[in-house]
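The values are calculated or read from the model by the stated rules, or taken from the named source; none is laboratory data. Only a predicted model underlies this, so the values are computations on that prediction, with no experimental measurement involved. Neighbour counts run over all protein chains shown; Cβ positions are idealised from the backbone, glycine included. With ligands, DNA and RNA removed, areas are computed over all heavy atoms of the protein, side chains included. Shrake-Rupley method; radii C 1.70, N 1.55, O 1.52, S 1.80 Å.
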Amino acid sequence: MTRASRRLALALLLVSACIPSGELVAIDGGHRMLARDPQSGLSVVLTTGAWQGIPSDLDEQVTVLHVLVANLGNKPIRLAPGDIDLIDERGFRRDLLDAGGSFVQAGQNDNGYHPGRQLDFGRIEWVGGDVASSALPWGVLVPGTSMRGYIYFERVDRANAATLTWHFYDSDSRPVVDLTFDLYVARGS
């Protein structure tokens with residue numbers, strides 16, 4: 001390899017390291033999306049680019065989404081890490097990274113949370129910071145209540161789009177509805 005070709009290879013490597021990996025947005029470029037199912041009474045507000053916790057660069061290392069789930073229906077709904085899929089346009093699945101938080105209804109025993117329909121999710125271990133305390137907790141969302149927090153995924157990079165599908169089940173593990181968000185990767189100029 002000649003000196004000139006080594007310089008060119010090094011320059012290309014440095015430039016490619018500086019290209020931003022992108023941020024997930026809605027098709028219109030917005031950061032807030034809503035999916036609602038009138039039959040079940042479920043609503044999900046998904047917000048991208050909302051992380052303001054510690055570590056401040058978390059969203060450069062993993063994909064961070066803020067969600068608000070409202071159950072305005074008449075059935076208890078399970079919130080579980082194995083019920084959420086994030087798949088890029090090439091078909092590659094990004095594992096949800098579970099922070100391990102859960103909630104229970106007052107007066108109920110805490111027996112842990114249901115993992116969901118599949119066990120293809122990882123753990124996000126972070127010492128200090130806001131990762132665990134800000135995460136969406138898992139449990140059973142009773143009618144008339146809502147829950148909010150962050151969900152974390154393996155980084156979506158080298159893709160132009162992804163689809164998040166939340167497969168909702170009732171507290172008896174019966175399917176209720178799938179809510180879907182089409183996400184696009186906005187690239188910096």
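Here is the list for region 81-139: trypsin sites (Lys or Arg not before Pro) lying in DSSP coil, each with at most 15 other C-beta atoms within 10 angstrom of its C-beta, are 90. Rounded to the nearest angstrom and listed largest first, the equivalent-ellipsoid semi-axes of the chain from its Cα gyration tensor are 36, 18, 14. Surface composition of the chain: carbon and sulfur atoms hold 52% of the protein heavy-atom accessible area at a 1.4 Å probe. The calculated 222 nm mean residue ellipticity attributable to helices in the chain amounts to -3500 deg cm²/dmol, summing -39500 (n - 2.57) over DSSP H runs of n ≥ 4 and dividing by all residues. A simple spin-label model places the labels of residue 120 and residue 104 3.1 nm from each other, with each point 7 Å out along Cα-to-Cβ.
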